[in-house]
DNA sequence: TGAGAAAAGTTGGCTGTACAACTTGAGCCA
DNA sequence: TGGCTCAAGTTGTACAGCCAACTTTTCTCA
């Protein structure tokens, strides 16, 4: 089996999924074409059908292939879905699209958490949190304002970083903080005076807001963030299907 | 096993997933509490561990529980994820949040597809499509403008409906059209004159745009739609994790 | 008492098997 | 030609078992 670039580590079904993804994106089966049967793939890669199904499940969830009882799988498209981290980290995302990420910490404070923050971060009333305000840039152009609340322990690590550190999530990862789950909500808000000043837009102008709550594998909240993007700089895409649905629409 | 309401049909792991979801939402394990082990659940429900794992995989993807090697699963939250159809169909969504959906067809045309439309719907150049413009309301208040392109065959069914039919996707489903996959993209646009007139907002004002491309189980495109919501009426939420990622952020 | 080692418990990953449900295509017959 | 039946092919569901990797608890010993 050709060990494809980037997919050489980890479980067999993940490497297989990476392999198949590369093959699909290289057009090996054509757009709208049909994949070999699970049995064939199992023989071809020397694994069991169960493992093949796990790999195909990943591609299915990412919207690369369909699946339907009775007929072979069909190539839906070559939609490149980003990794969890490219969605979590502005820096990783910027790099993945070939842009130069930038960040400047405007303000950082350690203070008492208000009731809403306590609830979102699962903290006891009276806990302290770190509040961080940052301006994010793409190729030096201001794109987004980031307001993040961290629990005390995590925030302390952030506070030790340089004020102009580009990434905050990467140093955290290096210190053993593991991000595992996140919930993102996207809607529209009006620019406050502070937003307008930093982003260089009109006060009261529209911004795309992404609120994010991330947790570690044990379910402990790690950050609660509100990002505000200038219009026209970003779009959020999600694939869903009858089989796997994680997206929902809410009354705004 | 208590067959929970609404989950009585289909595969065993789906019924089990529905059961567990109900139990979690009823607080049987507490917020942040730990689930019984897979083995215990298997015995309790009289199924194999593999089936339990499939059921838990569903809950995992929906962000209800975490999973982590070595320790029992933890209840993340009781986030109610909507079904695929509540996201696809404005009507279903409105009903699910207890509002009264409304729809008025402003315009419907059968015409030649332009190149972009051909590509999105996978049609040969020169194909005909149906173009539908609708105003959608929630409790009689205008909320959203919907512009949808249908392939000829599907569009013909739509054209036969009453102009003030509330739902379009439901009649299609009744006639055997099966929606299976969709890709949604959310960003911000400025209201055109037509948008402003229908929604009653200012021309050039901001709107939340959701573009959607839906396909059937074979991967054949069924509709390509662009919805424009008034600000403050809607928000889109997605859960993702290291294990399952289907959301991505794009340069706008 | 405290720290370290061992044991028990739990999920992740992989294999193999069997049958059910469904689609497709070939072949047959009117 | 047209429609029907039937067989082959394919994915979905479920079961059973095994070991690895990891976490938590318990126990032991200094």
* Asked: What base-10 log of the normalised intensity I(q)/I(0) is obtained for segment A:130-175 from the Debye formula, alpha carbons as equal point scatterers, at q = 0.31 Å⁻¹?
  -> -1.27
* Structure fact -> FRET efficiency for residue B:83 and residue A:23 from the Cβ-Cβ distance with R0 = 45 Å, rounded to 0.05, comes out at 0.90
* Inter-copy spacing of residue B:97 label points, which lie 7 Å from Cα along Cα→Cβ, given in nm from shortest upward -> 2.7
* Shortest first and in nm with one decimal, please list how far the residue B:31 label point sits from its counterparts in the other copies (point 7 Å along Cα→Cβ). => 4.6
* segment A:8-87: D in µm²/s via Stokes-Einstein (Kirkwood Rh, Cα pairs, 4 °C, 1.567 mPa s)? -> 101 µm²/s
* Asked: Any idea how far the Cα center of segment B:49-68 sits from the one of segment A:163-222, in Å?
  -> 28 Å
* To do: On a 0 to 90° scale, report how tilted helix A:49-61 is relative to the longest principal axis of chain A, with both axes built from alpha carbons and the result rounded to the nearest 10.
  => 40 degrees
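Taking a ≥ b ≥ c as the square roots of the Cα gyration tensor eigenvalues, with a/c under 1.5 meaning rounded and otherwise prolate when a/b beats b/c, else oblate, which class fits segment A:192-252?
Numbers: a/c = 2.92, a/b = 1.58, b/c = 1.85.
In terms of gyration-tensor shape, oblate.
From the Cα gyration tensor of segment A:91-212, with a ≥ b ≥ c the square roots of its eigenvalues, which class applies: rounded if a/c is under 1.5, or else prolate if a/b is larger than b/c, or else oblate?
On the way: a/c = 1.64, a/b = 1.21, b/c = 1.36.
Oblate, since a/c reaches 1.5 and b/c is not below a/b.
If you take each beta carbon of peptide B:214-226 and count the beta carbons of other chains within 10 angstrom, what is the mean? Write out the running numbers ahead of the final one.
Values: counts 1, 6, 2, 9, 7, 12, 3, 1, 0, 0, 0, 0, 0.
The shielding value for this peptide is 3.
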* Structure fact -> Helix B:12-25: inclination vs chain B longest Cα principal axis, degrees, rounded to 10, gives 90 degrees
* **Residue of chain B whose Cβ sits closest to the axis mapping B onto A, with distance in whole Å** => B:206, 2
* Rounded, prolate or oblate: which fits segment A:147-252 when a ≥ b ≥ c are the square roots of the eigenvalues of the alpha-carbon gyration tensor, with rounded for a/c under 1.5 and prolate only if a/b beats b/c? -> oblate
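Could you please rank B:9, B:78, B:91, placing first whichever residue has the fewest other Cβ atoms within 10 Å of its Cβ?
Values: B:9 9, B:78 12, B:91 20.
Lowest count first: B:9, B:78, B:91.
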* To do: Put a label point 7 Å from Cα along the Cβ direction on residue A:159, then list its distances to the equivalent points in the other copies in nm, shortest first.
  => 6.8
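Any idea what the relative contact order of chain A is, in percent, if you count C-alpha pairs under 8 Å spaced at least 6 apart? Can you show the working numbers first?
On the way: 415 pairs, mean separation 33.1, N = 252.
So the answer I get is 13 percent.
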* For chain A, the fraction of alpha-carbon pairs in successive 10 Å shells from zero, as % -> 6, 25, 29, 22, 13, 4, 0
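Efficiency by 1/(1 + (r/R0)^6): what FRET value for residue B:153 and residue A:69, r their Cβ-Cβ distance, R0 = 22 Å, to the nearest 0.05?
Working: r = 24 Å, r/R0 = 1.07.
E between residue B:153 and residue A:69, to the nearest 0.05, is 0.40.
Bear in mind these aren't lab numbers, they're just calculated from the coordinates by the rules spelled out. Given the structure is predicted, the values throughout are model-derived calculations rather than measurements. Virtual Cβ from ideal backbone geometry, glycine too; neighbours counted across all protein chains shown.
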